[in-house]
Every structure is written in structure tokens, then in C-alpha cells.
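Read through the structure below, which is laid out as C-alpha cells, and then see the notes.
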Amino acid sequence: MTLMRIGILGTGNVGQALASAWARAGHDVVLGSRRPDDPELLAGLKELTASGLRVDSLAGAAAHAEVLVNATPGTASVALLHTIGAEVLAGRIILDVGVGFLDDGSLSHPGVSLGEEIQHAFPGTRVVKTLCTVDRKVMIAPDSLEGPATVFLSGEDAEAKSVVRGLVGDLGWADDALLDLGGIATARGQETFALLFIGIAVATGTYEFGIRVVLPTSGGSGLDH
């Protein structure tokens, strides 16, 4: 395991869960917030900061990071990244877990993914989309499920995807549970799954589930048939 400096943008439930899990794995994690000195925020993060996690500004977390995690609301992610600036973000790996929803429950990026929008807005970064098809509890505890599940990787940079694969593994995901879908355009499928995710959650009464890609037995037909 290679220990890394991780900056997490967003101090909500997802950001906190990932920060805690990666810190337990030994990584140097900083939480980034628009209001890092807010007493109410710090009170809510007391357990994490007591364990040694640091809260900084968004720009501070980005400057700290080798890998920057976007755990902000998808409708605000690109604008928040612009406040940090392309120069600070240049060369960084951005692990994007965000999905944008409008007030009516529809996706805010229906024709394109948030991952693509981030990559387009910041071409000097290396965006990898992953973990947006499971909830925050399953993200960091895949063994809480009755059986194995699949999570996905989308991105243009093979080295960045290798780094992210390692970090997802540090959360407890087996390497064969990670399916590389290809370029960042495939993030559209990951994000669109959010609509089915909500339907499954309502039908089953829980957000704590996974999906698994099940391949055919030997002799199954390929894409060219």
C-alpha cells in the first residue's frame, strides 16, 4: 500500500466517511470546506478532528493533496473547483464521487456527466469517476453486503486510474470488484445509475446495497454478435 496525501472537498456524510476510512488506512487526509473556521462545522466534525484529521479551506485541501476527492454536491462542484483555480489543480488526480440532482429529482447533467464537465473545465487534471453507484456506508464497508458487488472506474489516464484503484482497495474493495469502463465519457453510465439506485432503495427499504456485473458462462456471445 502506498500512503498518499488526500484532500477531500466536502464535509458532508460522504466526505466524512471517506476521510475517516482513508485516515484509518494510514493516509494523510485533509478535509476541505468553504467555512473551515465555522464553530458549528467544527463541532460537527469534533470526532474526526479529535482523531487527528485537519480541516482547511478548499484551496488548502487541494494544495495538500496528491489526490483530490470531489465529494461536493454535483450541482456546485465545477463552480467550487473554479474558486480553487486551474493552476492549483494542475497535475492533480481528481477522484470524483459526485452526482448532481435538481429539485425535481432529475439529474443536473442529463446529456453529459459531471466527471466529463470537470475534466473539460480543468484539462490539466486527471479525473477518475468511481464509487458513485453505492451509498456512503457501502463505500467504506463492502464486506457489509451479503455477497460481492462491483464498482466502476472511468477516466482517461491509466496511471491515475491505477492510483484510484489502490485507494478504493484501501476501503476494502477487492481488486476484482473494480471494473474499468474506459474513458471519462463512460462516467455518464455511472451517474445515470443514480436514478435506478433511488428506485432500488425505495423498493428494498435501504440504501445499503450493491450491484454486481455477472458475466456469461464460457461460450457466451460477445459484442460483435
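Are any residues in segment 92-118 in a loop (DSSP other than H, G, I, E, B), open to solvent by 10 Å² or more (accessible area, probe 1.4 Å) and more than 21 Å from residue 168 (Cβ to Cβ), and if so, which ones?
Hits for segment 92-118 are 102, 103, 104, 105, 106, 108, 109, 110, 111, 112.
From (1) open to solvent by less than 10 Å² (accessible area, probe 1.4 Å); (2) more than 20 Å from residue 84 (Cβ to Cβ); (3) aromatic (Phe, Trp, Tyr), pick out the condition that doesn't hold for residue 122.
Every condition holds for residue 122 apart from (2).
Please name all residue pairs, on different chains or six or more residues apart, with Cβ atoms under 6 Å, provided the first residue is in segment 128-141 and is in contact (Cβ under 8 Å) with a residue 40 or more places away in the chain and within 18 Å of residue 155 (Cα to Cα) and the second residue is hydroxyl-bearing (Ser, Thr, Tyr) and open to solvent by less than 10 Å² (accessible area, probe 1.4 Å).
129/154
Residue-by-condition table, conditions (1) in contact (Cβ under 8 Å) with a residue 24 or more places away in the chain; (2) open to solvent by 50 Å² or more (accessible area, probe 1.4 Å); (3) closer than 30 Å to residue 2 by Cβ; (4) of a type in the set (Lys, Arg):
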| site | (1), (2), (3), (4) |
| --- | --- |
| 168 | yes, no, yes, no |
| 181 | yes, yes, yes, no |
| 190 | yes, no, yes, no |
| 202 | no, yes, no, no |
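Wholly within segment 1-74, which strands (runs of 3 or more DSSP E) include no fewer than the required count, namely at least 2 residues that are open to solvent by 40 Å² or more (accessible area, probe 1.4 Å)?
Per the criteria, 54-57.
Given (1) at pLDDT 95 or above; (2) open to solvent by less than 70 Å² (accessible area, probe 1.4 Å); (3) closer than 20 Å to residue 6 by Cβ, where does residue 79 come up short, assuming only one miss?
(3)
Does residue 42 fit the bill of being of a type outside the set (Phe, Trp, Tyr) and either at pLDDT 95 or above or on the phi > 0 side of the Ramachandran plot (or both)?
no
Which of the residues that make up segment 126-153 are surrounded by 22 or more Cβ atoms within 10 Å (Cβ to Cβ), part of a loop (DSSP other than H, G, I, E, B) and either in contact with a helix residue (DSSP H, G or I) (Cβ under 6 Å, 6 or more places away or on another chain) or not hydrophobic (A, V, I, L, M, F, W, C) (or both)?
Result: 130, 131, 132, 133.
The values are calculated or read from the model by the stated rules, or taken from the named source; none is laboratory data. Values in this document were obtained by computation on a predicted structure and should not be read as measured data. Cβ sites come from the backbone with ideal geometry, for glycine too, and all protein chains shown count toward neighbours. All accessible areas refer to the heavy atoms of the entire protein, side chains included, with ligands and DNA or RNA removed. Shrake-Rupley method; radii C 1.70, N 1.55, O 1.52, S 1.80 Å.
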